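Heads up: the structure comes next, in structure tokens.
Any read-out appearing in this document is the output of simple, stated calculations on the displayed coordinates, not a laboratory observation. In this text, all values refer to a predicted model and were calculated from it rather than measured experimentally. Note that we place each Cβ from the backbone using ideal geometry, even for glycine, and neighbour counts take in every protein chain shown.
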Amino acid sequence: MIKKIMKNWKNKAHILAVLSRIPYGRQIYHKLQRSVRTNKLDAETEIRKAADLIRLIKEANRTPENANILEIGTGWRPFVPMMLSLLNAKSILTIDVNPWLDEEYAFETFECIGSHLELIAKECEADINYIEHRYQEMIPEKKSLTSLLDSCRVDYLCPGDARKTDLPDESIDFVVSSNVLEHIPAEILSEILVESKRVLKTNGFAVHRFNPQDHYSGFDSSITGANFLQFSEKEWKWYGGTGLAYHNRLRCRDYENLFEQNGFQFEVNRVRMDQKALNAIQANELSIHDDYKKYTPEELAADYMWVVAGKTEVSSINSSKKESLQNK
Ligand SMILES: C[S@@+](CC[C@H](N)C(=O)[O-])C[C@H]1O[C@@H](n2cnc3c(N)ncnc32)[C@H](O)[C@@H]1O
């Protein structure tokens, strides 16, 4: 019954809007998710998402091996830090403003990784023998969250804010995140990029994958990923502009500007199109709000973005080196 109600995006939006605004709303939401199993583990999807970040690092001709890594937005299941550890990262600091991670989720994730080592090796383009050996090293001595995180070389900082990590300057090789940036307001994102630039080593990279589409379209097939672009800022504030369902509705062009304005230059900047949303926009089936009229239909319909960005000074030195080599 609850599942059926929640399949309609407006019902879910109203419930989340109310829960966001009442005491203990977050805890109630979490209990609800667990009882109706809407947060059921989808192992292959989670593994593929975390492997995306590892492949992006490799695309920039780097490796997580021996790297010091900062992850923004741990969430419930620590696939990203644990898989980075499996690839032999030296240290992973994962930080979150919300305390979603607990012992149960951590062990569920670790065991799931253990039963999918072949898939992980394939997705991360890594040697299976190496992965199997490393997994054995990661098995904790005790069945406790602290012991598991220790054996995975993971530090969990919560509550922690990616705007102020207290890490030393230039101490991090990669700042990474998966499905996080779309949930952060533009002003805060700017501050996070400033902090990322400070903590990254000269040749370090910001490596992010995120989803600029309307998340309600993931379970309500009657709407497209561009659905939320019909609303004014004021209307969206109720449906998903605050609290538990927060989505910033930034378009890929806005992210590009934010990265560049805060001193980053792209090594990888990849965008995916949601064809269903594009068709709806081009056929005028969706009335786009005036605030979004400045974007092209493709910019409105983009539903995923993968980014690897280095500090501007270094990237521009690299690209001018590349250019001068090409001119020889
Ligand atoms: C949608 S969840 C994604 C979690 C996880 N990366 C995943 O893919 O399952 C976004 C997470 O980002 C966290 N977050 C939001 N703003 C943050 C900030 N300023 N610093 C650190 N974490 C933040 C939220 O608390 C939430 O856990």
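Residues in the stretch 217-237: is at least one assigned to a helix (DSSP H, G or I), closer than 24 Å to Trp306 by Cβ and acidic (Asp, Glu)?
Looking through the stretch 217-237, none of the residues is assigned to a helix (DSSP H, G or I), closer than 24 Å to Trp306 by Cβ and acidic (Asp, Glu).
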Answer from Leu84, Leu19, Leu101, Leu93 - the residue that is out of contact with any Asp or Glu (no Cβ under 7 Å at 6 or more places or on another chain), surrounded by 14 or more Cβ atoms within 10 Å (Cβ to Cβ) and more than 23 Å from Ser115 (Cα to Cα): Leu19
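Can you work out which of the residues in the stretch 160-175 that are within 16 Å of the ligand (Cβ to nearest atom), charged (D, E, K, R) and part of a strand (DSSP E or B) is nearest to Trp76 (Cα to Cα)?
Per the criteria, the residue is Asp161.
Condition check ((1) crowded, with 16+ Cβ neighbours inside 10 Å; (2) in contact (Cβ under 8 Å) with a residue 12 or more places away in the chain; (3) within 16 Å of the ligand (Cβ to nearest atom)) across all residues:
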| residue | (1), (2), (3) |
| --- | --- |
| Cys158 | no, yes, yes |
| Ser178 | yes, yes, yes |
| Phe205 | yes, yes, no |
| Phe210 | yes, yes, yes |
| Tyr216 | yes, yes, yes |
| Ala226 | yes, yes, no |
| Lys237 | no, no, no |
Which members of the stretch 236-258 meet the condition of being over 20 Å from Glu299 (Cβ atoms) and of a type in the set (Phe, Trp, Tyr)? Trp238, Tyr239, Tyr246
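I need a count of the residues in the stretch 88-124 that are part of a loop (DSSP other than H, G, I, E, B), over 22 Å from Asn61 (Cα atoms) and either within 11 Å of the ligand (Cβ to nearest atom) or polar (S, T, N, Q) (or both).
Here is the first cut: in the stretch 88-124, the ones part of a loop (DSSP other than H, G, I, E, B) are 88-90, 96-102, 115-116, 124.
Right, trim to over 22 Å from Asn61 (Cα atoms) and you get 96-102, 115-116.
Checking the rest, the ones that are also either within 11 Å of the ligand (Cβ to nearest atom) or polar (S, T, N, Q) (or both) come to 96-101, 115.
The number of residues fulfilling the criteria is 7.
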If we keep only residues of the stretch 51-87 that are of a type in the set (Asp, Glu) and touching a strand residue (DSSP E or B) at 6+ places or on another chain (Cβ under 8 Å), then the residue nearest to the ligand (Cβ to nearest atom) is Glu71
Say we look at the stretch 130-150 and pick out the residues that are part of a helix (DSSP H, G or I), among the polar types (S, T, N, Q) and over 24 Å from the mean Cα position of the chain (by Cα); which of these is farthest from Leu84 (Cα to Cα)? Ser147
If I filter the stretch 53-67 for residues that are farther than 27 Å from Ala162 by Cβ, in a helix (DSSP H, G or I) and in contact (Cβ under 8 Å) with a residue 12 or more places away in the chain, do I get at least one hit? no
Residues of the stretch 256-267 satisfying the condition of being in contact with a helix residue (DSSP H, G or I) (Cβ under 8 Å, 6 or more places away or on another chain) and either surrounded by 15 or more Cβ atoms within 10 Å (Cβ to Cβ) or within 16 Å of Glu182 (Cβ to Cβ) (or both): Leu258, Phe259, Asn262, Gly263, Phe264, Gln265, Phe266, Glu267
